[in-house]
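The values are calculated or read from the model by the stated rules, or taken from the named source; none is laboratory data. Every value quoted in this text rests on a predicted model; they were computed, and no experiment measured them. Neighbour counts are summed over all protein chains in view; Cβ atoms, including those assigned to glycine, are modelled from backbone coordinates with ideal geometry. Ligands, DNA and RNA are stripped out before the accessible areas are found, and what is left, the full protein with its side chains, is counted by its heavy atoms. Shrake-Rupley method; radii C 1.70, N 1.55, O 1.52, S 1.80 Å.
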Amino acid sequence: MGSIRDGFFHSLVIATFYLLALLLVCLGAPLPLEAAEPSSRNLDTGWQFRAVANTDRSDVKEWHSAQVPGVVQTDLLHSGLIPDPFDRDNEFHLQWIGLADWEYHTMFQVDTAALAHDHADLVFDGLDTFADVYLNDQTILHADNMFRRWRIPAKALLKPGPNTLRIVFHSAVEKMLPYVKTLPYVLPSISTHNYGNEENIATAPYTRKAPYNYGWDWGPRFLTEGIWQPVRLETWDALRIENFNIHQQNVTSDVGNVTAELEIEAGRMTTATLTLAHDELAGPQAADGNQTLQLNAGINRVSFPLRITAPKLWYPVGYGAQNRYRFSASIRMGREVAARAETKTGLRSIVLRRVPDEWGKSFEFVVNGISVFAKGADVIPFDSFPNRVTPEIHRNILQSARDAHMNMVREWGGGYYESDDFYDICDELGIMVWQEFMFGGDMVPGDVAFQDNVRQEAIDQIKRLRDHPSVVIWCGNNEVETGWLHWGDRLEFKESISAQARERVWQDYVILFADTLKNAVTQYADPVPYTPSSPSANFEEPPDNPHNGDMHYWQVWHAQAPASDYTLQFPRFMSEFGFQSFPEMRTIRSFAKPEDFNIRSTVMQAHQKNKGGNERILTYMLREYREPKDFASFVYLSQVQQAEIIKIGAEHLRRQRPRTMGSLYWQLNDCWPVASWASIDYYGRWKALHYYARRFYDDVLISPFLHDDKVDVYIVSDKLQALSGTIHMRLLDFSGNVLLDQSKDVQIAAQSSATYFSVDKAALAAKADPRQSFLVFDLDVAGKKVSRNLMFLDVTHNLELPIAPKIEATINKTGDDYTVTVQSSKLARNVNLSFGDLDVQTSDNYFDLLPSEAVTIHVKSASTVEQLRAAMKTMSLTEAFNSN
């Protein structure tokens, strides 16, 4: 009987509650807030697109299926409406796409449950670039910045059942052209001298769009438009967490003093409870306690200090482990979770040390108290169409960077801010990121609307990226400052306007890069440092000088200076230097036919974006080498030449530590198949340079330097511990006869560069003809060879190298992989193993094969041993020369 009575009273209480609730609603009184968690619904499906203006093609004015995220060029390609933009010279025939306006639309269902929530927001993570957005034919947004996230309250316009979302994209050129024509002067643009309009007027400086879209000296011109980032519908009631990050004020190996910072949007005034916790990514969770929150309607910013004893720190690769922590925040209203968020980060201290010293002012990254020599390369966008870039592509390139002992990449300012997975992978691999804001070289407008737009862009991106320990610096731009001071078209522009206008342009630059962006980094990214430009001396001196700030050096290549001029430069930090080569023949065949295999053909010129670049490669080639016998040999020699030249520069920079503390060559990757400065081509295939980088960026390097008729033998060590080793120097002829043999035991200091002995060139010449001999330097540590370097005492075309030395190569299966053993009775230089169209990874390539010394290469491939044997070919330097 008791259970029946209890059940009766329980039912009565529930009924009474609902009657009272109904009465309150009828009287207009608000119900207590419910604590339902925010929910998100992806709106990336069901999209269609069509052209709506500025094109005469009727077929593209019909509706076609679209992919979101995506851009119009890839949608046209998927619909069979255009040919492959990268094939042959198709780029030039597809420029009409970026001058047209395009409409995208989709229909999505909304049920009454979704509409029952207090709030429903449409969130656009990225619209490229000028976009009018309509929900159920009502305007909700005029977007004008490719790099911003847009959140639009939409509940009032949503309805039960089908809803339509429509976006009209306007050509960035055609949209801005009428405005630019009204200006008293037009800022010049670095992107290209073909601006896509009859008046040849630059619109790029006035547009917040990826600068490389307008064309660059390594990339095509494709003015993309479209929904390039995800779209979603978010519903929420009481509150939502807009942002959650961990501010690292003071981190040491003893204690991590950090602050959990949250931005919480509340629908109305309320009280809630915040619970914080953290754990190592692979460890148990530790509670950090509860906090009572008094929230006002709107955005609330709250912060709570956390103390982590003996934290496991995050280090760049080569200096320690890449430990990371997971932090979680949950907000409860009563017993129910109203919102939750999570972030990952690595705890570390970061300082850009800039102090006066005997060479000027230092420029050196210090992580967890350790000075780090930055070894790496500059990164450009991974595709002309960013929606095609996958996490697998990012991982392949970044793993390749780490495999080449790189610890830094510079995210160049002429592209776009990379996706989250890029930075996650850098965090995981221990690769530091020099992160630039997206300004590729143009001066900037000074109107309030433009500068405010950029400020919000910066805040959006800093908030998104600030918990990544890999991001160790924010940089205002690429080359804007040095371009204004030194480039010819900028000097011509300055002469064409009044002194007052010149000062206005400069002040507009200073306001944005010395004030607006600097303050954004200070406010939202502290303690990560900021530098206004690359190169820059932080406005203390003119940029691009060797004693203050970072430096870009381009006399080798652009001015056709000899590669040896690299050894005359003594920068504090070299953030750009480079030399071009062609990608391998397999990549070339992806865009060209055999009749195009000539450096002056229309197609080869179309895939060379630096004017005169193919001819410049050949000019340098004929200085050092003999004439290539055919196009394939030219391609091979171009890669060898690029590798050898960058080796000169990179080794010189490493020898200068601690005066120089960074070597970043231009560039790591490509956005399409092209002749360029990249060490990895568009398809992820290593060029000779990347194999060389694995050697010249190794943690311990033996580096001979020929100057003033003597050879100084350096050892460079990035190791944190001192080493004991032995230098072994041999002078050999090309048949392997030993003409001189010397060894020396050495003590190598931690993190050092020093000369350990010297030998006079005259003494070597007395032993052998320099045209018929070479030096081999080996460094052994604990009985193991850790570094080798060869030196030739004359230019290559003067050497009497063995003609087409016979190379024996045998391949065997070893476990799941293969080994290739190669040897030759005579010296074979720059030996390249290739396997036709098979997908193969080799542990080394483009290596020197000493006489009668076997080398074993590890090979990974899904192909069978029979397929590999049939496809395998070897190529050495003299085989590429014309025999005449």
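If only one of N136, N145 is surrounded by fewer than 15 Cβ atoms within 10 Å (Cβ to Cβ) and not aliphatic (A, V, I, L, M), which one is it?
Numbers: N145 fails: surrounded by fewer than 15 Cβ atoms within 10 Å (Cβ to Cβ).
From the options N136, N145, the qualifying one is N136.
Determine, yes or no, whether D128 is open to solvent by 10 Å² or more (accessible area, probe 1.4 Å) and at pLDDT 95 or above.
Details: open to solvent by 10 Å² or more (accessible area, probe 1.4 Å): no; at pLDDT 95 or above: yes.
Here the answer is no, as D128 does not meet what is asked.
Filter segment 354-378 down to residues that are surrounded by 23 or more Cβ atoms within 10 Å (Cβ to Cβ) and of a type outside the set (K, R) and give me whichever is nearest to D403 (Cα to Cα).
G376
Can Q642 be described as in contact with a Ser or Thr (Cβ under 7 Å, 6 or more places away or on another chain) and either assigned to a helix (DSSP H, G or I) or at pLDDT below 95 (or both)? Outline the logic, then answer.
Numbers: in contact with a Ser or Thr (Cβ under 7 Å, 6 or more places away or on another chain): yes; either assigned to a helix (DSSP H, G or I) or at pLDDT below 95 (or both): yes.
Against the criterion (in contact with a Ser or Thr (Cβ under 7 Å, 6 or more places away or on another chain) and either assigned to a helix (DSSP H, G or I) or at pLDDT below 95 (or both)), Q642 qualifies.
So which of T390, T345 ends up being of a type in the set (S, T, N, Q) and closer than 24 Å to D839 by Cβ?
The conditions single out T390.
Restricting the search to segment 320-351, which residues are of a type in the set (A, V, I, L, M) and either surrounded by fewer than 20 Cβ atoms within 10 Å (Cβ to Cβ) or part of a strand (DSSP E or B) (or both)?
A321, A329, I331, M333, V337, A338, A339, A341, I350, V351
Quick test for you: out of S735, S703, pick the one residue that is out of contact with any strand residue (DSSP E or B) (no Cβ under 6 Å at 6 or more places or on another chain), under 29 Å from A804 (Cα atoms), modelled with pLDDT of 95 or more and outside any helix (DSSP H, G or I).
The unique qualifying residue is S735.
Tell me the residue from F757, F774 that is modelled with pLDDT under 95, in contact with a strand residue (DSSP E or B) (Cβ under 9 Å, 6 or more places away or on another chain), part of a strand (DSSP E or B) and farther than 18 Å from H652 by Cβ, please.
After applying the criteria, what remains is F757.
Kindly indicate the residue of segment 326-357 that is among the hydroxyl-bearing types (S, T, Y) and closer than 16 Å to G289 by Cα and also farthest from the chain's Cα centre (by Cα) among those meeting that condition.
S330
Collect the residues in segment 775-832 that are buried (at least 21 other Cβ atoms within 10 Å of the Cβ) and at positive phi, keeping them in residue-number order.
Of everything in segment 775-832, just one residue is buried (at least 21 other Cβ atoms within 10 Å of the Cβ) and at positive phi, namely N830.
Restricting attention to segment 531-572, report how many residues are assigned to a loop (DSSP other than H, G, I, E, B), open to solvent by 10 Å² or more (accessible area, probe 1.4 Å) and at negative phi.
13
Where residues in segment 853-883 are among the polar types (S, T, N, Q) and in contact (Cβ under 8 Å) with a residue 60 or more places away in the chain, which of them is surrounded by the most Cβ atoms within 10 Å (Cβ to Cβ)?
Result: S876.
Quick check: anything in segment 232-250 closer than 30 Å to S371 by Cβ, outside any strand (DSSP E or B) and touching a residue at least 60 places away in the same chain (Cβ under 8 Å)?
There is no residue in segment 232-250 that is closer than 30 Å to S371 by Cβ, outside any strand (DSSP E or B) and touching a residue at least 60 places away in the same chain (Cβ under 8 Å).
Residue-by-condition table, conditions (1) open to solvent by 20 Å² or more (accessible area, probe 1.4 Å); (2) more than 19 Å from A688 (Cβ to Cβ); (3) of a type in the set (G, A, S):
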residue	(1), (2), (3)
G578	no, no, yes
P583	no, no, no
F591	no, yes, no
P594	yes, yes, no
Q605	yes, yes, no
G612	yes, yes, yes
L618	yes, no, no
E624	yes, no, no
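Out of segment 8-36, which residues are open to solvent by 70 Å² or more (accessible area, probe 1.4 Å), part of a loop (DSSP other than H, G, I, E, B) and either of a type outside the set (D, E) or at pLDDT 80 or above (or both)?
Scanning segment 8-36 gives L27, P30, L31, P32.
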